[in-house]
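We did not get these values from a lab; they are worked out from the coordinates using the rules stated. Predicted model only: the values in this text are computed from it and were never measured. All Cβ positions, even for glycine, are placed from backbone atoms using ideal geometry, and neighbour counts span all protein chains on display.
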Amino acid sequence: MTTLKPTKPMKAYNPQWSANESTQQTAQKWFRIGFLRQEQVLEVQKTYPLDFYNPSGFLKIGLFIFTILAASFSTSIMTLFFIAPFQSNEKMAIIIEAFVIGIVFTFVLESLIKSRKLYHSGIDNALLYMALGAFCTAIFFIFEQSHPATWLFLLIFLPFFIISVIRYADLVVCCISFFLTLSILISLALTSTWGKTFLPFIVMIFSVGIYFLIKRLSKRDDYLYYEQCLGIAKTLSLVCFYLGGNYWVVREGNALINDLSGAASPQIAFAPVFYSFTLIIPFAYIFFGLRNRDRLILIIGMLTAGFSVFTYRYYFGFLPTEMALTISGFLLIALSGGLIYYLKNNKNGFTYQPDDEREGMNLEALLMSEVVQSKIPQQGETFRFGGGDTGGGGAGTTY
């Protein structure tokens with residue numbers, strides 16, 4: 001329960017909002033389990049208030065759509081002021097208008113966050129996307145006549161998205177930043193023969209680098225502010241690492257890149273290596289997911305294992321589809337039943353039951369209870385909600 005400092009210049013939202021939100025969510029979870037009483041939960045809500053505007057899902061979607069429509073209408077009105085002065089140079093009109101629109105939307109976004117305390121409410125998300133779209137439009141028309149390389153175009157766009165992630169911690173912008181960076185590396189690799197050959201390894205190395213960067217960032221004091229962004233980036237890095245080594249993706253992607261159309265795609269270089277990756281990576285994910293009690297890695301491991309089965313069957317299928325599905329179904333049922341029976345009594349910290357059904361107390365609950373009962377308004381910085389690398393109780397190696 002860390003009391004964070006006020007908003008830093010690089011963050012648009014107050015970091016304390018994310019900390020208070022995490023605190024209340026954890027308190028509600030412990031209340032359902034039975035670790036806290038109702039009056040203790042109320043005291044937590046009083047001590048750590050959610051004094052920002054973050055509506056429910058459907059209302060957030062409605063506000064997002066309404067803001068997009070209102071911003072589009074205002075953009076149309078603004079266009080009228082640029083038609084007459086720049087009739088002789090339509091391209092210059094578009095560039096100047098796009099920059100003006102981007103600046104106006106950014107100013108409105110910042111003003112609403114400060115005055116209305118918006119916190120990923122749909123309104124601020126829409127304004128952020130519109131501002132980024134306007135800036136990217138202006139940059140596109142500035143450089144398009146010189147026909148720069150694809151990777152250079154993307155490299156010019158990238159700083160806008162990186163700065164937006166740092167300041168606003170937006171999930172969509174975080175995903176775009178990830179794929180922009182990956183696309184830059186892929187575009188550079190495709191410019192040379194050796195780059196095409198080693199492209200799968202480049203993707204895998206990039207994914208590993210992002211994963212360990214996330215591990216490092218997860219230890220920062222402002223971790224909760226970026227918790228969701230780090231979580232989605234971790235997911236994307238794990239998925240891309242597997243796809244970079246998957247035999248089907250590499251073989252079919254090689255045929256597509258080199259325009260090798262035909263009844264069957266040709267064999268690729270380092271085929272045994274990718275056979276091994278396709279088999280080993282899912283089992284490694286499952287192993288480390290169980291060892292580190294990381295549900296995200298475990299789930300991705302099971303999904304990639306299913307895709308690996310598809311990959312091998314696509315090229316080496318020897319059973320009819322109906323028979324393969326039947327055998328797989330029986331094996332999965334037997335495996336599930338065996339695991340449920342084995343984990344029923346909580347073996348080595350694992351159980352098939354959800355967290356809400358676990359019994360007993362833990363250190364975090366005792367700490368929360370003591371804090372609430374003593375009604376201490378400010379807490380030290382020795383305790384933080386959410387174990388593990390991506391938040392959530394039990395997401396890491398400790399509880």
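Some notes on this structure:
- Shown for Met323, Met302: other C-beta atoms within 10 Å of each C-beta, ranked fewest to most, produce the order Met323, Met302.
- Sequence of Ile163, Ile123 once ranked by neighbouring C-beta atoms within 10 Å, starting from the fewest: Ile163, Ile123
- Neighbour-count order for Ser121, Ser72, Ser328, Ser183, fewest beta carbons within 10 angstrom listed first: Ser72, Ser328, Ser183, Ser121
- If the chain linking Phe81 and Arg37 were pulled fully straight, counting 0.36 nm for each residue of separation and taking away their Cα-Cα distance, it would gain 9.7 nm.
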